[in-house]
Amino acid sequence: MHEMTLCAAILDQLEEQARAQNFQHVKQLWLEIGALACVDAEALRFGFGLACRGTLAEGAIVHIEQTPGRGWCSLCQAEIPLNSLLDPCPGCASYGLQITPQADDNRHGNDLAVGGATPRYLTCSMIIEEGLRLSQLRRVVASMAETAVAAGVQIVTGDTKVVPRGSADKLFINTTGIGVIPAGISLGAHRARPGDAILVNGPVGDHGAAIVSARGELALDSTI
Ligand SMILES: [Zn+2]
């Protein structure tokens, strides 16, 4: 759950500002989340409520403003709002858009952090549907590169496969992250104790159910 990584980063920033500006307590917090940031606002709010316990921000009221992403259309010569990296320009339907970097566009959390690891390397395999516009692919790649630089992660290997029209939903990206666990850190389900808070940020078991269903082991007919 990368929202928890973001919560930890927010608390780090608050503590840094508290030292710089000499305040002891945070009563209200305003956060802006960009539409291209892949952050679940409610998961962030819930996670922050837990992460801030015993810190300077305990009990703070969190205000979350969701803002659209922005892109530049070279045909319209205009900045346009974007809700997805695969959206065309609403003015001219062109896909030749450049993403405007935003300060809140930090997609740096990942599963490695949950295991206590510092993310270092990423693989990137792309399954591309025939007909995907090159400009769309360029945007996605540029955005990944930008995010990797911001997170201090290197994309070190990958592969591409092109599949016939209709065999994929434009673009599937498969990544694997490799991180380093610092000495003395040991996280895992075995550390859970009665009374611990458990965060659930999606339907429980849907991934396992989808795999079982796809393998046909249970002969289920479903749309998962
Ligand atoms: Zn346009």
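Screening Gly195, Gly202, Gly177 for residues that are under 20 Å from the mean Cα position of the chain (by Cα) and assigned to a loop (DSSP other than H, G, I, E, B) leaves exactly one candidate, Gly202.
Only one entry of Leu29, Leu44 meets the criterion of being more than 16 Å from the ligand (Cβ to nearest atom) and crowded, with 19+ Cβ neighbours inside 10 Å, and that entry is Leu44. Only residues that are within 24 Å of the chain's Cα centre (by Cα) and either without any contact (Cβ under 8 Å) to a residue 60 or more places away in the chain or within 12 Å of the ligand (Cβ to nearest atom) (or both) were counted across the range 76-90, and they come to 10. Taking the range 148-170 as the range and being under 20 Å from Gln136 (Cα atoms) and assigned to a strand (DSSP E or B) as the test, the residues that pass are Ile155, Gly158, Asp159, Thr160, Lys161, Val162, Val163.
Of the residues screened, Ile80 is one that is surrounded by 15 or more Cβ atoms within 10 Å (Cβ to Cβ), β-branched (Val, Ile, Thr) and at negative phi.
Residue by residue through the range 57-73, note down the ones that are under 19 Å from Val141 (Cα atoms) and either touching a helix residue (DSSP H, G or I) at 6+ places or on another chain (Cβ under 7 Å) or near the ligand (Cβ under 8 Å from one of its atoms) (or both). Scanning the range 57-73 gives a single hit, Cys73.
Among the residues of the range 120-177, which ones are surrounded by 13 or more Cβ atoms within 10 Å (Cβ to Cβ) and without any contact (Cβ under 8 Å) to a residue 12 or more places away in the chain? Residues satisfying the conditions are Arg138, Val141.
Throughout, read-outs are computed from the coordinates displayed, never taken from laboratory work. Here the structure is a predicted model, which means the values were calculated and not measured. We place every Cβ from the backbone using ideal geometry, glycine too, and count neighbours over all the protein chains shown.
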